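Here the structure comes first, spelled out in C-alpha cells, and everything after it is commentary.
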Amino acid sequence: METFAVRKMKILIIQTAFAGDVILTLPMIQLLKKKHTNSLIDVLCIPATSEIFDASPAVNSSIVVDKKGAQKKFFSFIKFIKKLKTANYNKIYSPHRSFRSAFIVWLLHVKDSVGFSNSSIPFIFNEVVEYDSSAHEVLRNLNLIDVGLKDDNWKIQPEIIVSDFSKEKVKNFLSENKLTRFISVAVGSVWETKKYPLEYYKSIVKHFIDDDYKIVLIGGAEDKRLCDELEDENTINTAGMFSFVETTELLKRTKLLICNDSAPTHLGMCADIPVLTIYCSTAPAFGFYPYNSRSNHLSYNELTCKPCGIHGHNECPIGTFDCGKLLKPEIVIEKAKSLLEKNGR
C-alpha cells in the first residue's frame, strides 16, 4: 500500500526586538507549538537574542538578521531574504511592528501572515489582530494566535532550557562566593529615564546588607560601570559575566530581584521568582510588568508629566526626573521586605 508522508507545517515568527520583548514572545510560541504539534517553528531575531530562542523547547531554530552588521546594506538584506524564502514557510506571525518586519513579510510572499493593527504597514498582513494597549504584552502576543484564553490563563511562564555547562558555571560561581542568602539588583536600562537613581539603589543595597543579605549585581557589560559604583565586600558585580540564559539560572537561586522596567524583569519571569520592578518615566499600564503571583511593582503616579513615553528618554524632558526622585528608597525597601516575607525568603 502506498503511503504519504505528512508535511510539517513551517511557521516563521518575526521578533527582532530586544531581550525583554523577546522573552514576552515565548509564551505565544509555546502555545503555538501545542496548537500545531507537528509544526516546525523558526524565529527571525537579532544576534543579541538568538540564545534566548535557541533555549526555548518550542523553537526549531533561530535565524539571525544582523540589521546593524551583515544585513545593514540593502543588497545584503535582499540576498538574505531570498535565501530565507527558500525555506517555504506556510505561515508568518509578526509580534514585531516595525516597518522592516512588515517589509520582510511582504518580500517573503507567504500566503498566511498575521500582524498587529498598529504595525507600520498593517495591510501587508492577510490577517490583522487588534493591538490591545490595555493588556499585558504576553496576552497581546497570545491574541495573535487565537487560542481563546480567559481570565488569568494568559500568565504563562516563559520556558527556557539551561545547558549543563551553564548550570555548572552558575553552580561554581555560587560555591566560590559562598552565596546562599542573596538578593539580586539590576540597576541598568537602555534608557536613562528608566533608571531609578543610583544613590537610592545604594540606600536599598545598604539596608539589605545590614539585614545579612549578600547582594548580587546583574546586567550586561554595558552596566558594569554603574554596578562598580555599588560594589563593596558584601556585593558581587556580575555585569557582563553571564549570558541571558545563565542569568536566568542564577536568578533561580536568589531570594528577590529588584530592578528597573527592563529585561531583568522578564528574566525573573523565566526563573519564576519574586521580582520588584521600579517604574520611573514609564508605567505598568504599558503592559510590561512582572506577572507571576510572587512579584509586584512600584510607580510614582502623582505626576501630570508621567508617563512621558513608552520607551523612556536619554534625559528627563522637563529636567526634574521627579518620577524617580519622588519614589523614595524607603518605599522600595518596605515593598521589598513585604515580598520577602510573603514568599518566605
Next on the checklist: Restricting to the range 49-68, give me the number of residues that are of a type in the set (Gly, Ala, Ser) and surrounded by fewer than 16 Cβ atoms within 10 Å (Cβ to Cβ).
Outcome noted: 1
Checklist entry - Can you tell me which residue in the range 22-50 is farthest from Lys10 (Cα to Cα), limited to those that are out of contact with any Lys or Arg (no Cβ under 9 Å at 6 or more places or on another chain), of a type in the set (Ser, Thr, Tyr) and without any contact (Cβ under 8 Å) to a residue 60 or more places away in the chain? => result Ser50
Checklist entry - Only one residue in Phe80, Phe75, Phe53 is under 25 Å from Ala271 (Cα atoms) and without any contact (Cβ under 8 Å) to a residue 40 or more places away in the chain, so which one is that? => result Phe53
Next on the checklist: Looking at the range 93-112, can you tell me whether even one residue there is small (Gly, Ala, Ser), in the same structural domain as Ala17 (by TED's automatic domain parsing), surrounded by fewer than 17 Cβ atoms within 10 Å (Cβ to Cβ) and within 19 Å of Thr49 (Cβ to Cβ)?
Outcome noted: yes
Checklist entry - Do you know which residues across the range 290-336 are within 17 Å of Ser262 (Cβ to Cβ), of a type in the set (Gly, Ala, Ser) and part of a loop (DSSP other than H, G, I, E, B)? => result Ser295, Gly309, Gly312
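Taking the range 172-196 only, how many residues are under 22 Å from the mean Cα position of the chain (by Cα), farther than 21 Å from Glu341 by Cβ and of a type outside the set (Phe, Trp, Tyr)? Give the derivation first.
Just the residues of the range 172-196 that are under 22 Å from the mean Cα position of the chain (by Cα), to begin with: 183-196.
Within this subset, residues satisfying the condition of being farther than 21 Å from Glu341 by Cβ are 186-196.
Filter again for of a type outside the set (Phe, Trp, Tyr), leaving 186-190, 192-195.
Of the residues in that region, 9 qualify.
The values are calculated or read from the model by the stated rules, or taken from the named source; none is laboratory data. Remember, it's a predicted structure, so these values are computed and weren't measured experimentally. Note that we place each Cβ from the backbone using ideal geometry, even for glycine, and neighbour counts take in every protein chain shown.
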